[in-house]
Amino acid sequence: LNLSEKLTSLMAAAMEGVEPPPADGPAFSPELLNLYYERLFPYREMCQWLGLVTTPHEVMTTTSTKAAAASNNNAPASKATTDADKENAGSSGTPPRPRSIGDAAQDAEALAAISSPYLLRRELTFTLKDDIYCRYQSFSSAKELKEAMLKKQPHKIDIGAVYNVSPRDKSTASVFRPDERELVFDIDLSDYDDVRTCCQGATVCSRCWKFVVAAVRVLDACLREDFGFQHILWVYSGRRGVHCWVADSVARGLTNEARSAVVSYCTVIRSLEGPPHNLDKWPLHPSLDRAFKVLEPIFERHIITDEGQGHLARPELWAKFLKTLPDDRVGSKIAAHWDKASQTKTIPARDKWTALKSLSNAKRPKSSSSSSSSS
């Protein structure tokens, strides 16, 4: 696994046992916000990411620094290093040691060196106190970003596209257009309200958070294996879900139509009012077969049991669940059988699921019986 895949795997594993923060978090504190921006905000890492610096120790200096280094050292501008980097380099010419976050936060020269053409053309939007909206903010370095954030104390920061010119120069540019933007997916638990039985809306608990765990695992595999994307970052949205940022150059250049096509490819079910889209054909598409193998253990443990969402544990829920079967008549017969049987004994949810799979296998076309997974 590469580093990005390892981080995704660790995040999914960590989310299994993490209690989501309460919806009504601590009261807002201007003092803590200022302390965060002064001492804790990862300006260096943030600007490396926004500036599309793709290697761990790559530091892209400003044009003036490059020119000065090339002039003084008779070296190519791309090889320019800061004085601090030279001090950290050994006499043997080994690469400079990476600075820690704490070092970078205190070292103004290091922050000034974190810059790239992409960073200067990247739009940031600040939402200030009283919902004052400041668009087209752009910065030439991490140092400049820190100075602006300490001055303006934004309550919210939105990340925009990379434009053909710096957003700060848009009023003087003859053409001002977005050139690139990451492919971003927003997984929000409120979109699962028709299948969440424990919470609704902005409320989140450890039981329904398993939907997010499942979504991360399925979508990450799809983006990597089906589309070949590699530079994928998963981040907690701050409230009730996660965001997925795909930063591959191909992804950044996708048109709106192409982005919609990617979303359509990943879309399987649109509502519980009828059979799932793309699941009424056999054999399953390879991506759906892969998703089934990822989801079934989560489904059995966290979705159908009464300890989870209870979709095969309570009559009113399994009746709704059975309506998603391709044949409504079959679903109605199964619901009637389970309703009658539940009056005299309790049928474990996993037994119901096993019975449904057996029924599906029996109705499956014989030419496809060699496939390993169930519909």
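Residues of region 175-192 being among the aliphatic types (A, V, I, L, M) and more than 23 Å from residue 208 (Cβ to Cβ), which ones? Answer for region 175-192, where residues must be among the aliphatic types (A, V, I, L, M) and more than 23 Å from residue 208 (Cβ to Cβ): 175, 183. Against the list (1) surrounded by fewer than 15 Cβ atoms within 10 Å (Cβ to Cβ); (2) under 28 Å from residue 215 (Cα atoms), the condition residue 159 fails is (1). Of the listed requirements (1) touching a Leu at 6+ places or on another chain (Cβ under 7 Å); (2) open to solvent by less than 40 Å² (accessible area, probe 1.4 Å), residue 194 misses just one: (2).
Out of region 142-152, which residues are open to solvent by 30 Å² or more (accessible area, probe 1.4 Å) and over 12 Å from residue 111 (Cα atoms)? Within region 142-152, 150, 151, 152 qualify. Report yes if some residue within region 257-273 is modelled with pLDDT of 95 or more, farther than 20 Å from residue 320 by Cα and touching a helix residue (DSSP H, G or I) at 6+ places or on another chain (Cβ under 8 Å); otherwise report no. Scanning region 257-273 turns up no residue that is modelled with pLDDT of 95 or more, farther than 20 Å from residue 320 by Cα and touching a helix residue (DSSP H, G or I) at 6+ places or on another chain (Cβ under 8 Å). Checking each residue in region 360-375 for being loosely packed, with under 15 Cβ neighbours inside 10 Å and at pLDDT 70 or above picks out only 361. Exactly one residue out of 177, 239 is open to solvent by 40 Å² or more (accessible area, probe 1.4 Å), at pLDDT 95 or above and among the basic types (Lys, Arg): that is 177. Scanning region 328-340 for residues that are surrounded by 14 or more Cβ atoms within 10 Å (Cβ to Cβ) and touching a residue at least 24 places away in the same chain (Cβ under 8 Å), we see that the one that is nearest to residue 301 (Cα to Cα) is 334. Sub-7 Å Cβ pairs linking a first residue in region 341-361 that is over 23 Å from residue 326 (Cβ atoms) to a second residue that is small (Gly, Ala, Ser) and surrounded by 14 or more Cβ atoms within 10 Å (Cβ to Cβ), at least 6 apart or interchain, number zero. Beta carbons closer than 7 Å, at least 6 apart along the sequence or on distinct chains, never pair a first residue in region 36-51 that is farther than 20 Å from residue 248 by Cβ and free of Cβ contacts under 8 Å to residues at least 24 places away in the same chain with a second that is open to solvent by 70 Å² or more (accessible area, probe 1.4 Å) and of a type in the set (Lys, Arg). The single condition among (1) crowded, with 16+ Cβ neighbours inside 10 Å; (2) under 22 Å from the mean Cα position of the chain (by Cα); (3) in a loop (DSSP other than H, G, I, E, B) that residue 139 does not meet is (2).
Conditions tested, residue by residue: (1) closer than 30 Å to residue 120 by Cβ; (2) among the charged types (D, E, K, R).
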{"residue": "162", "(1), (2)": "yes, no"}
{"residue": "170", "(1), (2)": "yes, yes"}
{"residue": "174", "(1), (2)": "yes, no"}
{"residue": "182", "(1), (2)": "yes, yes"}
{"residue": "188", "(1), (2)": "no, yes"}
{"residue": "193", "(1), (2)": "no, yes"}
{"residue": "196", "(1), (2)": "no, yes"}
{"residue": "199", "(1), (2)": "no, no"}
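Could you tell me whether any residue of region 200-220 is at pLDDT below 95, surrounded by 19 or more Cβ atoms within 10 Å (Cβ to Cβ) and closer than 30 Å to residue 35 by Cα? Checked region 200-220: at least one residue is at pLDDT below 95, surrounded by 19 or more Cβ atoms within 10 Å (Cβ to Cβ) and closer than 30 Å to residue 35 by Cα.
The values are calculated or read from the model by the stated rules, or taken from the named source; none is laboratory data. Keep in mind the model is a prediction, meaning the values are calculated, not measured. Neighbour counts are summed over all protein chains in view; Cβ atoms, including those assigned to glycine, are modelled from backbone coordinates with ideal geometry. Only protein heavy atoms, including side chains, enter the accessible area calculation; ligands, DNA and RNA are left aside. Shrake-Rupley method; radii C 1.70, N 1.55, O 1.52, S 1.80 Å.
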